[in-house]
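Visitor: Handing you a structure now.
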Amino acid sequence: MAPDIDPMPQSYQYDVLIIGSGAAGLTVALNLPEHLKIAVISKADISSGATLWAQGGIAAVLDNEDSIENHIKDTLDAGAGLCHEDSVRFTVEHAKESIEWLIDSGVKFTRDHNAELHLTREGGHSHRRIIHAADATGHAVSTTLAEQAAARKNIQLLSNRVAVDLITNRKLALPGNRCVGAYILNLDNNHVELFRARFTVIATGGASKAYRYTTNPDGASGDGIAMAWRAGCRVANMEFNQFHPTCLYHPHAKSFLITEAVRGEGGHLLLPDGSRFMDRFDSRAELAPRDIVARAIDHEMKRLGADHLYLDISHKPADFIKHHFPTIYEKCLGFGIDITRDPIPVVPAAHYTCGGIVTDERARSDINQLYVVGEAAFTGLHGANRMASNSLLECLVYGRAAAADIARREADIPPAPEAPEWDESQVRDSDEDVVISHNWDELRHFMWDYVGIVRTTKRLQRAKHRVDLLASEIGEFYSNYRVSNDLLELRNLVTVADLIICSALQRKESRGLHYTLDYPGLLPEVKDTVLVPTTYRTLTP
Ligand SMILES: Cc1cc2nc3c(=O)[nH]c(=O)nc-3n(C[C@H](O)[C@H](O)[C@H](O)COP(=O)(O)OP(=O)(O)OC[C@H]3O[C@@H](n4cnc5c(N)ncnc54)[C@H](O)[C@@H]3O)c2cc1C
């Protein structure tokens with residue numbers, strides 16, 4: 001009888017493994033030389049990350065009235081003193097060429113009647129500088145880049161693949177500080193496969209699923225941040241979680257965001273009695289930066305005991321509304337809200353992770369041959385508060401920088417060393433998945449209640465206590481049971497929740513998005529919160 005042969009190949013080799021197929025991951029892939037063999041993996045469909053959902057647009061200086069210095073100043077102002085000016089300048093100066101690259105790649109941005117690119121304005125921006133594809137910019141970017149990548153012979157797009165953990169020299173007990181790939185759970189056959197690569201790129205997006213209410217799609221569980229942390233990378237400024245002020249409030253509308261551009265185009269925020277209130281909080285009223293608007297809404301909701309407030313654009317002509325906001329118009333209409341006549345019920349929700357894995361201007365992390373791009377990265381661009389539409393820009397600029405750096409170095413980097421296949425001999429199938437769903441809900445509830453828009457030290461300590469208990473329970477579960485996507489996401493969420501809480505506890509002031517009743521003022525010294533894993537100290541040069 002022929003011996004049993006496992007029909008599933010479980011080991012692959014690439015030049016570049018890109019974990020994540022949003023704007024950041026695909027930008028890297030498409031800017032790499034075509035002789036490199038590249039795998040781009042996504043834990044769901046190729047177009048499943050936050051990129052697809054982005055509505056507003058991408059910031060870039062394209063108007064003669066505007067200037068690089070204006071964009072830099074607005075970004076620095078929004079970042080509340082914590083932006084790295086070199087990173088801001090680098091991003092803003094490379095914006096125009098990144099947009100041109102997108103246009104050359106086939107993205108159809110909205111144009112005015114003179115066929116000029118239409119620029120809109122968003123909170124925090126002193127000028128019109130948001131390039132957009134109506135109110136579905138992310139959809140246009142994501143689908144166009146995915147099409148381009150699918151047409152490239154050297155790029156393999158692999159959906160339903162979940163990265164479990166990075167493989168490093170340290171883990172393999174080899175000398176040197178190098179990333180050599182990752183273990184990937186193939187959801188189509190439930191095998192964990194070995195992907196070795198000369199370069200690995202984390203492009204896994206943010207961690208907003210740590211919160212009960214979020215604008216982010218499923219999957220934003222901070223996997224890349226948690227994996228890099230476990231592997232020994234430093235993580236910075238995780239306390240700065242941006243809450244989008246206006247998520248549609250409706251029992252059947254899951255995570256639907258009402259873009260900032262609605263306020264940019266003249267929308268008013270209203271209390272339940274129909275009166276405006278934003279000018280009581282900021283002279284810029286509805287055009288104040290997100291954190292101020294989100295806190296104002298949170299304050300008014302708590303003061304009035306209201307479930308939600310309203311965003312109203314119905315005073316604008318119906319044609320204007322339908323032309324500028326077709327997606328929002330249709331979506332709201334589906335819920336019985338005609339935004340050309342009715343105000344839109346809204347609540348704040350976790351939206352963007354400003355912190356992330358520490359990287360430099362070439363998107364390099366603390367581990368050699370490991371790059372990090374997009375929302376998972378900490379580049380210093382956003383400081384204590386991201387300005388609207390700078391995040392897709394960061395994906396493009398740093399994605400291109402990472403690709404250029406890999407292209408420059410690749411001839412000198414040898415193939416990844418041998419690594420063992422995933423060992424499942426010590427684990428069994430879980431018979432208690434309820435533990436996962438229960439812990440998942442508990443985590444996201446206490447993060448919302450204790451680590452949300454307004455914080456206190458006591459609440460953060462409560463959250464820390466709970467996250468420690470959950471971490472040990474989930475750690476035990478992970479050691480004993482076969483991995484699944486839900487278990488992996490929960491394990492990563494607990495890690496990022498812990499990073500958020502520890503960072504928030506360390507910051508003894510209220511700055512940008514981090515607002516605590518115990519330290520309402522600003523400290524004179526401005527510094528990042530950099531968390532250093534114990535494994536970082538063991539990384540050898
Ligand atoms: C509703 C909404 C509207 C927004 N609007 C704007 C806007 O107008 N302008 C702007 O600049 N920004 C906007 N943002 C933010 C912006 O969309 C994101 O910051 C950006 O798209 C992040 O891109 P990314 O490539 O880093 O990650 P994502 O686009 O989130 O992609 C992450 C990828 O990683 C994959 N992945 C994650 N974990 C794993 C794993 N373990 N294994 C394998 N694959 C994994 C996912 O499947 C996905 O392919 C918005 C965000 C949301 C949610």
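The values are calculated or read from the model by the stated rules, or taken from the named source; none is laboratory data. Computed from a predicted model, the values in this text were never measured in an experiment. Heads up, the Cβs are rebuilt from the backbone with ideal geometry, glycines too, and the neighbour counts pull from every protein chain shown. These accessible areas exclude ligands, DNA and RNA; they are computed on the full protein's heavy atoms, side chains included. Shrake-Rupley method; radii C 1.70, N 1.55, O 1.52, S 1.80 Å.
Visitor: Any idea what the relative contact order of the chain is, in percent, if you count C-alpha pairs under 8 Å spaced at least 6 apart?
Guide: Relative contact order comes out at 22 percent.
Visitor: Here's a follow-up. In whole Å, what is the distance between the alpha-carbon centres of the range 411-455 and the range 470-538?
Guide: 14
Visitor: At 7 Å along Cα-to-Cβ for each site, give me the label-to-label distance between Leu522 and Arg362 in nm.
Guide: Reported label-point gap for Leu522 and Arg362 is 3.5 nm.
Visitor: Would you work out what percent of the accessible area of the range 18-70, with all protein chains in place, is carbon or sulfur (probe 1.4 Å)?
Guide: Accessible surface attributable to carbon and sulfur in the range 18-70 totals 48 percent.
Visitor: Assuming 0.36 nm per residue, please report the length gained on full extension of the stretch Asp423 to Arg462 beyond their Cα-Cα distance.
Guide: Separation in residues times 0.36 nm, less the Cα-Cα distance, equals 10.4 nm.
Visitor: Give me the accessible area per residue for the chain, probe 1.4 Å, as a whole number in Å².
Guide: Normalised by residue count, the accessible surface of the chain is 40 Å².
Visitor: Order the following by accessible area, largest value first: Asp319, Asp112, Asp449. Probe radius 1.4 Å; ligands, DNA and RNA are ignored.
Guide: Reading off the accessible areas and sorting them downward yields Asp319, Asp449, Asp112.
Visitor: Can you spot the lysines whose alpha carbon is less than 19 Å from Lys316's alpha carbon? Ignore those fewer than 8 places along the same chain.
Guide: Cross-link targets: Lys331.
Visitor: Looking at the range 406-460, which GluC sites (Glu not before Pro) are DSSP coil and have at most 13 other C-beta atoms within 10 Å of their C-beta?
Guide: Glu418, Glu421, Glu424, Glu432
Visitor: Using the 2.2 N^0.38 Å rule of thumb for compact globular proteins, work out how the range 365-462 stacks up: its C-alpha Rg over that value, please.
Guide: Computed over Cα atoms of the range 365-462, the ratio equals 1.65.
Visitor: I need the Kirkwood Rh of the chain: take the reciprocal of the average 1/r across all distinct C-alpha pairs and report it in angstrom.
Guide: 23.6
Visitor: How many percent of the accessible area of the range 90-237 is carbon or sulfur, using a 1.4 Å probe?
Guide: 46
Visitor: Can you give the relative contact order of the range 35-140 as a percent, counting alpha carbon pairs under 8 Å and 6+ residues apart?
Guide: Relative contact order, the range 35-140: 40 percent.
Visitor: Let me ask something else. How much FRET efficiency would the formula 1/(1 + (r/R0)^6) give for Leu117 and Asp218, where r is the Cβ-Cβ distance and R0 is 25 Å, rounded to 0.05?
Guide: My answer for the efficiency is 0.15.
Visitor: Note down the relative contact order for the range 349-417 as a percent, whole number, built from C-alpha pairs under 8 angstrom at least six residues apart.
Guide: 31
Visitor: With a sphere of radius 11 Å drawn around the Cβ of His84, what net charge do the other residues whose Cβ falls strictly inside it have (Lys, Arg +1; Asp, Glu -1)?
Guide: Taking every other residue near His84 into account, the sum is -4.
Visitor: Another question about this same structure. Quick check on the chain: helices-only [θ] at 222 nm, where DSSP H runs of length 4 and up contribute -39,500 (n - 2.57) each and the sum goes over total residues. Nearest 500, please.
Guide: Only helices count here, giving -11000 deg cm²/dmol.
Visitor: Quick check: Cα centre of the range 192-216 to Cα centre of the range 75-94, how many Å?
Guide: The range 192-216 and the range 75-94 have Cα centres spaced 25 Å from each other.
Visitor: Using label points projected 7 Å from each Cα along Cα→Cβ, tell me how many nm separate Ser67 and Asn186, to one decimal.
Guide: 5.7
Visitor: In whole Hz, what ³J(HN,Hα) sequence does the range 192-203 give by Karplus (6.51, -1.76, 1.60; θ = phi - 60°), x for Gly and Pro?
Guide: 8, 10, 9, 10, 8, 8, 6, 10, 10, 10, 8, 9
Visitor: What's the carbon and sulfur percent of the range 367-516's accessible surface, probe 1.4 angstrom, rounded to a whole number?
Guide: Here carbon and sulfur together make up 47 percent of the probe-accessible area.
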